[in-house]
Every structure is written in C-alpha cells, then in structure tokens.
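Taking it in order: structure first as structure tokens, then the write-up.
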C-alpha cells in the first residue's frame, strides 16, 4: 500500500489535472485533458516547452494516414503492430505487446490530430522491416510540434508554468495528491490535482545516477543529445514505489559531430503552417538539384557519421592525435575518457574518393537523403580540415604531428593525400528505453503490479517496457500515450469532483 513520504502542509492550490513536463507527451496530455473541460496546469523545469521532442529529427510512424492514401498505400494498425518486432530483433521478447497494440491502434487518429493542430509532414518514407512506407518527417523542423501544440494548449486554457521544477510527489491517504514545486532557489508550493498527476518528463539519457545503475559506469560518463533528459519523472515515482523497466536499453552511445555554435537556417526556420505547406509542395515538385542543398544543411548538422568509415580504414584519434582503440569495437564507449571527451575521424584521399558518391555516405536520414564528403566540406567548415601532408593536418587541428603520424600508420596506413580530419566528434545517448511500468490506462504500477492511485505517466517516462526501435516510434508514443493519459486523468478529475459534491450534500 502506498504510504505517505512525510507530513505535508495543506495545498496552496488545487487543479483538476497536473502535467509534469512540457515536451510532446506533456503537451498532448495537457491539451487532451483541457479540451475535455477540466482545469489543467503544466509544469516545465526549463524556460520554455520543448523537451526531447524539440531535439528530435521529427519522424512519426503511423498507418492509415492521408499521406499514405495519397500514394495509394493500403495499411492497417494490425500490420504496423506485426512489423514493429522486426526492429527489436532478439530483444522482441522483452516488448510490451499490449502497449504496442495500443500505440498502433491509436496512431491513425493521433496523426490526424497532429495535422489538425497545424503540424505538416513529408512522406511517408520506406524503412524496412516496415512492409510499406510509414515514416513521416515533420516540416520544417521538430520545433513545429512544440510551436503548434503550445498554441493549441493555450487556446484550450492550459496554464503553462515554465522554470518550475517538481521536487516531490505529495502522498496522502494512500494516493498521490499533488506535487511540491517551485522555481530554482525559490519557495516550494504544494499543488494538488483532483484527477491525478501525469509524469511526462522524458527519459534519463542525461542522468549519471540512473545510467550507472541500469547500464554501467562507462555509460554514466556519456552525455545526452538533450541535456535536460535527467529522469526526473522516474526518480519522483520510484520514491513512491514505482519500477523502471528496460532501463538497460538505449540508442547509444553513438558518435556525433559537435553541433555548430550557430544554428543553421533550417533549424531557425519558423514553424509556420504556410512555410511547411510550401516545403511539402517543394518535396514533390522541385528538382533534386535545387532541393538537395537545403536538405544538406540539416543532414550535416543533426546526424551521426557512418561507422562504415572505420570499416574502410578511417582512424579515430583524440585531440592529441593519438589513436585510442580499435575503431570497429564500440569506439563511442571510449570517447568520454579522452581529453575534453572528443575525437577526430581521420581519412586519406582513397577514403575521401570512396565517400563522395553512393553507396558510401558520411551520414543519412533514412528515406530522406544522403550526405557525402563534399557536403561536409561545404556546410560544416567547422568540422572539416584538409591538408596535403600529415604535418599540415596536425597543425590545422592542434594535434601532435608525431602522434598523428603513428596513428595513421599500420596495416591500413593512410598514405594518399589529401588528408582530412572530421571533427570534433563526441559520444552521446539519443534516447533511452527505461520508463516506468504502467498499465493500459497509463497508471503507474508499484512492485506488486498494483496501480499507484493518482499517478499517471506518458511518453518516455511511462514507456512501460514498450520497445520503440525504428524511426518515428518514440514521437508516436509521446503523442499517443500523452493524449490517452490526459483523457483518463480528466475522467478521474470529473469523478473525483462528483464524489466530493455527493459527500458535501450527504
């Protein structure tokens, strides 16, 4: 049975539904609850909504979409459900089949809900083992989700409070009543919720504590794409007896280029519906020769270098020019131990020539486009250094010439000019699968499998053992689970209000 953590002061405020986290899942939950007619407050620890949704590539996988129908693609949620285990491979036995079915069944209507909110997509794109194209990519960038859903939330009456961190769940009378929250360094206020608290605070890819516990000490050193993904929801719920499942699974560590100091214009494009519609039209009608330079601005910024570079003889060195291990044996795990946690991919003219055309690419977004070496030379001069001699390359990068010469020797010696260093690169986690155990009503479960009264979870926080391999499934789950959790919490709020009214008149 859930017991109080401690004795709490009376509530400073009572609302119907309280959402913790302002990413895709949290905004979806808040919108759905508010549009059901109840009072909703959303608390976001950062200075603006966004979460990992805003950091994502922006893919959503769904069946029976208008985009599929326009291409004559016949698809069903059942087929989607059957195809998803193909991404999990040998891990498929650890999947939550019931939650997977719920996700696939919910996505046709959820995709239309995103369209109705003003979000626009290109696609669908093929991604085997999907039997038909299901991956839809947002236009113009992933911030479009946050822009349009924040506007819809405010129109629905959601009160969004930013720079507000939840420090504790309030447990009284065998249920979660609310939270203690406040600005950093400020006074804590108790906010209660009649229908319940929805935890939608993302994953724990940037929590050294949780990564060390579930993955290992080396993984704990690896940073996350989203620095705010610190597992706040998981940690809050654990104190109430909740469990984390699949905490050892994650996408990463993987090698990625250091982001440019100044965002490129693709990331700065405003998420206007008219601009997205123009881009959508352009994808279908503008010749590739004109469209491709715009896509390259994205591909050379957001994605990981292909590991096939190392299979073809590229070497990975640290900032001193020293090779620090076998490049084909999980190099991302060793990067955090190098000076400043960065490295450089070094190639010669032979490899450069090979990675100048299909099928050898530096990076790719599946189904969208491929970036070759010339694209990086043109779009990322900050991570591209080229020289005619090894000593000149060492001077350009600040490495030791002697160390670099030694690193480029050996059986697969890099001997043909020009010599190129791509970097700095770092190791990152993209997302983690470890979420709270939940039931099909998104109620958080305790160690005995019983619901913790008053506590819901959605998105990565409430992933419940569901495996979301393949592009577009994490965002799909964020929106689908958030909407469902919001609806169910709103129903609970109305039931609680009715019960209180009956008690008052009895």
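Laboratory data are not the source of any read-out in this text; all were calculated from the coordinates shown. Computed from a prediction, not measured in an experiment: that's the story for all the values here. Neighbour counts run over all protein chains shown; Cβ positions are idealised from the backbone, glycine included.
How many angstrom lie between the Cα centre of segment 86-127 and the Cα centre of segment 203-260?
The distance from the Cα centre of segment 86-127 to that of segment 203-260 comes to 23 Å.
How high is the relative contact order of the chain, given as a whole-number percent (alpha carbon pairs under 8 Å, six or more residues apart)?
Values: 1165 pairs, mean separation 122.8, N = 506.
Here the relative contact order equals 24 percent.
Would you mind calculating the gained length between residue 350 and residue 328 on full extension (0.36 nm times residue separation, minus the Cα-Cα distance), in nm to one decimal? Provide the component values of the computation, followed by the final result.
Numbers: separation 22, 0.36 × 22 = 7.92 nm, distance 1.89 nm.
Gain on extension, residue 350 to residue 328, equals 6.0 nm.
Compute the angle between helix 288-302 and the longest alpha-carbon principal axis of the chain, please, reported from 0 to 90 degrees and rounded to the nearest 10.
On a 0 to 90 degree scale, this one is about 70.
Assuming R0 = 35 Å, can you tell me the calculated FRET efficiency for the pair residue 439 and residue 151, based on Cβ-Cβ distance, to the nearest 0.05? Before the final figure, lay out each step's value.
Details: r = 32 Å, r/R0 = 0.91.
After rounding to 0.05, the efficiency reads 0.65.
Once you keep just the Cα pairs under 8 angstrom separated by 6 or more residues, what percentage relative contact order results for segment 371-506? Mind showing how you got there, number by number?
Working: 137 pairs, mean separation 22.2, N = 136.
Over segment 371-506, the number comes to 16 percent.
Working out 0.36 nm times the residue gap between residue 98 and residue 11, then minus their Cα-Cα distance, what length gain in nm do you get to one decimal? Can you show the working numbers first?
On the way: separation 87, 0.36 × 87 = 31.32 nm, distance 3.68 nm.
Fully extending the segment from residue 98 to residue 11 adds 27.6 nm.
To test your reading of the geometry: what angle, between 0 and 90 degrees and rounded to tens, separates the Cα axis of helix 473-505 from the longest principal axis of the chain?
With rounding to tens, the tilt is 10 degrees.
Tell me, in nm to one decimal, what length is gained between residue 74 and residue 112 on full extension, where the rule is 0.36 nm per residue of separation less the Cα-Cα distance?
On the way: separation 38, 0.36 × 38 = 13.68 nm, distance 1.67 nm.
Net length gain for the segment: 12.0 nm.
Give the peptides 148-154, 124-130 in descending order of average Cβ contacts within 10 Å, highest first. Intermediate results must be reported in sequence, preceding the final value.
Values: 148-154: 21.1, 124-130: 17.6.
By packing density, highest mean first, the sequence is 148-154, 124-130.
If you restrict to DSSP beta bridges whose two residues both lie in the chain, what percentage is antiparallel, to the nearest 5?
Working: 46 of 65 bridges.
Percentage antiparallel, nearest 5: 70.
Would you mind computing the Rg to Rh ratio of segment 409-474 from its alpha-carbon coordinates, Kirkwood style for Rh? Write down the numbers at each step before the final one.
Details: Rg = 22.3 Å, Rh = 15.8 Å.
Across segment 409-474, the Cα-based Rg/Rh ratio is 1.41.
If packing is taken as the mean number of other Cβ atoms within 10 Å per residue, what is the order of 160-167, 473-480, highest first?
Details: 160-167: 17.0, 473-480: 28.9.
Packing proxy ranking, top to bottom: 473-480, 160-167.
Taking a ≥ b ≥ c as the square roots of the Cα gyration tensor eigenvalues, with a/c under 1.5 meaning rounded and otherwise prolate when a/b beats b/c, else oblate, which class fits segment 167-256?
Values: a/c = 2.73, a/b = 1.88, b/c = 1.45.
It comes out prolate by the Cα gyration axes.
Report which label in [x] 1.15; [y] 1.04; [z] 0.94 holds the value of Cα Rg over 2.2 N^0.38 Å derived from the coordinates of this structure.
After the calculation, the listed value that fits is [y].
Over segment 1-148, what is the percentage of antiparallel beta bridges among all DSSP beta bridges, to the nearest 5? Before the final figure, lay out the partial values.
Values: 7 of 11 bridges.
Within segment 1-148, antiparallel bridges account for around 65 percent of the total.
Any chance you could give the angle, 0 to 90 degrees and rounded to 10, that helix 273-285 forms with the longest Cα principal axis of the chain?
Approximately 40 degrees, to the nearest 10.
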